[in-house]
Amino acid sequence: MVRFVARRLLQGVAVVFLVATLAFILFRLAPGDPFTRMGDASSASQEFKAQARRNLGLDQPLHTQYFRYIANLARGDLGMSFSEQRPVLRAIADRVPATVVLAAAALLIDFLLGIFIGAAQGSRAGSKADDLLSVLTLTLYSVPVFWLGLMLMLVFAHNVGLLDLLPATGSKTTGVYEYLTPLGQLTDRIRHLILPAVALGLVGAAGTARYQRAAMLDVIRQDFIRTARAKGLRERSVLLGHALRNSLLPIITLFGLSFPILLSGTVLVETVFAWPGLGKFVVDAIFARDYNVVTGAVIISACMVVLGNLLADLLYRAVDPRVRGVV
Amino acid sequence: MSETLLRLSRNRRWRYGIALLTVLGALAALAPLLAPYDPTAQLGLARQLLPPSAAHPFGTDIFGRDVLSRVIYGARISFVIALSAVLLSVIIGTSVGVAAGYGGRLLDGALMRTVDAALAVPRVLLLLLVLALWERVGVASLIIILGSTSWFGVSRIVRAEVLSVRERGYMEAAKSLGVGQRRILSHHLLPNITSPIIIAATLGMGQIVLIEAGLSFLGLGIQEPTASLGRMMQAGSALLVNAPWTSIFPGAIIVLTVIGFSLVGDGFRDTLDPRTA
């Protein structure tokens, strides 16, 4: 167990290292040098420019720059954020919790709803209800997540929507939040979370349902299901106790694969709902030409993906006894 | 080949998908003939933000431009980008996949570890980094950027297929008959791995349409005044209360396009992939 985790963590470090190298190469391939890209330098004096380049280490040969960059990275130093005048890592760390909360809520909706719909479809394959749900999941699967967000706002949000039920943007009510009771603060945060999490979760649920339906169909065709039916078990316990349980295995793999897609989605959803997470931070950083933040976010998100995959693997081992013996 | 076509035409999803894509594709291809107005023409102050009407079925935007015409031209650009970017990604992905599956363990390991790393980066973030560094891009560079960041999945599929096809009897036979390396690749290997490539490519097109719209929505894809569905929705999101039609219709067209590609892709999978049939 420990060996397994250690091995996977080591592989994860290798992946993150490659991602960092990729980012470095992209950075150097791009037109202009990092200094001129930071802003208009036309009015700066020659001495100032030369000094600034020296400070940034740009006068060093490329391989020296690369080794310094990797060495800094290993120490957790992602450089400075110019728009915030503080280390990138700290600026990012302030945003990660909001993104994790949003992603976790979306994952919950994604898998609960997706597994429920897919299992219902798989156990009644070919029926009218199955067809109808297939149309629904196909449509949701094809919806741009940010557009779904806008449409949800149009129906449910304060001052925008037809129903005026939930706040449209942000993660808490500014100016009021500080005066609420702890319970009131929690409710306020949850109310803000609902629309973005539903937008992100629904799109994911459509994909999960498609997988779950196929997995359920696969399992239902197998011999042990026939045996369970033959020995007179009620259909309910055949479906829930035997079929559903076994069909969940491939879904755990899907859980691991869904992290990069989820993080891509948060960038768009956070922008739509002004959710103060990592995604919105990156988009703002691009327009502020704060490239260290963009590179840092790419590396941090790769770490999040690696950890997510590890979590999925551990879950897989906990659920499927067959995998436990294999390292 | 004609037998495959017959089987495909019996697949309901495939038929619906092809029908949908034909209509949308015709709309995109014939945009100059079908669009009632010039998509970039500002029709005057009196025609700003008009709700849908007979003269403007999808209404007008904040600059007094006809939304229907812009949606038609936007769909055209989406189609061009999706087709070209997927073509590029299939070419790169197939080459890398064949090289990895056929080129020995060292090359295989190096290529696949790189692909693993690339797949660990959320795609939108990777694209954001590239677009942030290169700044303003035109349609051609956007195609290159999207195509060259979408081949990772394809290369994995192709590699797996190559590894399984490589061991089959006819490959052995061709080799022992003294058939050259290049002819083996082009006549024996590639024809036998096309099905999964077609499936991946079709589903990939829907994904590219969504991603391109997302990037334009963030303000990083195609720039004004060119009509782009994502950009239209970005402008529309600020006018959600006053002019919801400026964001509803571009999104709806995207949904239909992606449904079309998904249906055709599913149909291909049902018909061409023996493992799921």
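Tell me the mean residue ellipticity at 222 nm calculated for chain A from its helices only (DSSP H runs of n ≥ 4, each -39500 (n - 2.57), averaged over every residue, nearest 500).
-24500 deg cm²/dmol
Of all the Cα-Cα pairs you can form in segment A:1-154, what percent are over 22 Å apart?
Value for segment A:1-154: 67 percent of Cα pairs lie more than 22 Å apart.
From other protein chains only, count the Cβ atoms within 10 Å of every residue's Cβ in A:137-143, then give the mean.
Neighbouring Cβ atoms belonging to other protein chains average 6 per residue here.
What is the mean number of Cβ atoms from other protein chains located within 10 Å of the Cβ atom of each residue in peptide A:146-153, rounded to a whole number?
Across the residues of A:146-153, the mean count of other-chain Cβ atoms within 10 Å is 6.
Taking K and R as +1 and D and E as -1, what net charge do the other residues with C-beta under 14 Å from the C-beta of residue B:59 add up to?
+1
Can you give me the Cα centroid spacing of segment B:222-277 and segment A:191-253 in angstrom?
Value for the Cα centre distance between the two parts: 28 Å.
Can you give me the long-range amide H partners of residue A:80? Hydrogens built in the peptide plane at 1.01 Å from N, cutoff under 5 Å, separation of 5 or more residues or another chain.
Long-range HN contacts for residue A:80: A:88.
Relative to the compact globular guide of 2.2 N^0.38 Å, what is the alpha carbon radius of gyration of segment A:89-323, as a ratio?
The value comes to 1.16.
What translational D, rounded to a whole number of µm²/s, comes out for the protein assembly as shown from Stokes-Einstein when the hydrodynamic radius is the Kirkwood one over Cα pairs, at 25 °C and 0.890 mPa s?
The Stokes-Einstein estimate is 93 µm²/s.
Based on a Kirkwood Rh over C-alpha pairs, give the Stokes-Einstein translational diffusion coefficient of chain B at 10 °C and viscosity 1.306 mPa s in µm²/s.
77
Quick one: angle between helix A:128-141 and the longest Cα principal axis of chain A, in degrees between 0 and 90, rounded to 10, please.
So the inclination is approximately 0 degrees.
Under the Karplus relation 6.51 cos²θ - 1.76 cosθ + 1.60, θ = phi - 60°, what is the ordered set of whole-Hz ³J(HN,Hα) values for segment B:187-192, x standing for Gly and Pro?
Per-residue couplings from phi come out as 9, 10, 7, 4, x, 8 Hz.
Find the Cα radius of gyration of segment A:266-309, compare it with 2.2 N^0.38 Å by division, and give the number to two decimals.
With N residues counted in segment A:266-309, Rg over 2.2 N^0.38 Å equals 1.17.
Can you list, largest first and rounded to whole Å, the semi-axes you get for segment B:93-168 by taking the square root of 5 times each eigenvalue of its Cα gyration tensor?
Whole-Å semi-axes of the equivalent ellipsoid: 29, 13, 9.
To the nearest 500 deg cm²/dmol, what mean residue ellipticity at 222 nm is calculated for chain B from DSSP H runs of n ≥ 4 alone, each contributing -39,500 (n - 2.57), summed and divided by the residues?
Theoretical 222 nm ellipticity from helices: -22500 deg cm²/dmol.
Which of the aspartates and glutamates could a cross-linker span from residue A:280 if the Cα-Cα distance has to be under 16 Å and same-chain partners fewer than 8 positions apart are dropped?
Counting by Cα, and skipping residues close in sequence, residue A:280 has these aspartates and glutamates nearby: A:84, A:94, A:270, A:290.
Kirkwood Rh over Cα pairs of segment B:150-277 into Stokes-Einstein at 10 °C, 1.306 mPa s: D in µm²/s?
For the chosen part, D equals 90 µm²/s.
Out of every Cα pair in segment A:225-291, what percent are spaced more than 15 Å from each other?
Values: 1501 of 2211 pairs.
More than 15 Å apart: 68 percent of the Cα pairs in segment A:225-291.
Considering only the other residues whose Cβ falls under 13 Å of the Cβ of residue A:170, what net charge follows from Lys and Arg at +1 and Asp and Glu at -1?
+2
Averaged over its residues, how many other protein chain Cβ atoms are within 10 Å of peptide B:108-121's Cβ atoms?
Counting other chains' Cβ atoms within 10 Å and averaging over B:108-121 gives 5.
Would you mind ranking B:105, B:156 by Cβ crowding within 10 Å, fewest neighbours first?
Ranked by crowding around the Cβ, least crowded first: B:105, B:156.
Give the long-range amide H neighbours of residue B:60: residues separated by 5 or more places, or on another chain, with amide H under 5 Å away, using H modelled in the peptide plane at 1.01 Å from N.
When sequence neighbours closer than 5 places are left aside, the close amide H contacts are B:49, B:50, B:67.
What helices in chain B pass both tests, a Cα length along the helix axis of 18 Å or more and a mean Kyte hydropathy of -1.0 or higher, using whole DSSP H runs? Write out the running numbers ahead of the final one.
Details: long enough: B:12-29 (25 Å, 0.77); B:67-102 (50 Å, 1.69); B:105-120 (22 Å, 0.71); B:152-166 (21 Å, 0.71); B:194-217 (34 Å, 1.48); B:245-272 (40 Å, 1.18).
Sorted by number, the helices that extend far enough and score high enough are B:12-29, B:67-102, B:105-120, B:152-166, B:194-217, B:245-272.
Rule-based calculations on the coordinates, nothing more; no lab input. A quick note: this is a predicted structure, and the numbers were derived from the prediction, not measured. Cβ: placed from backbone, ideal geometry, glycine included. Neighbour counts: every protein chain shown.
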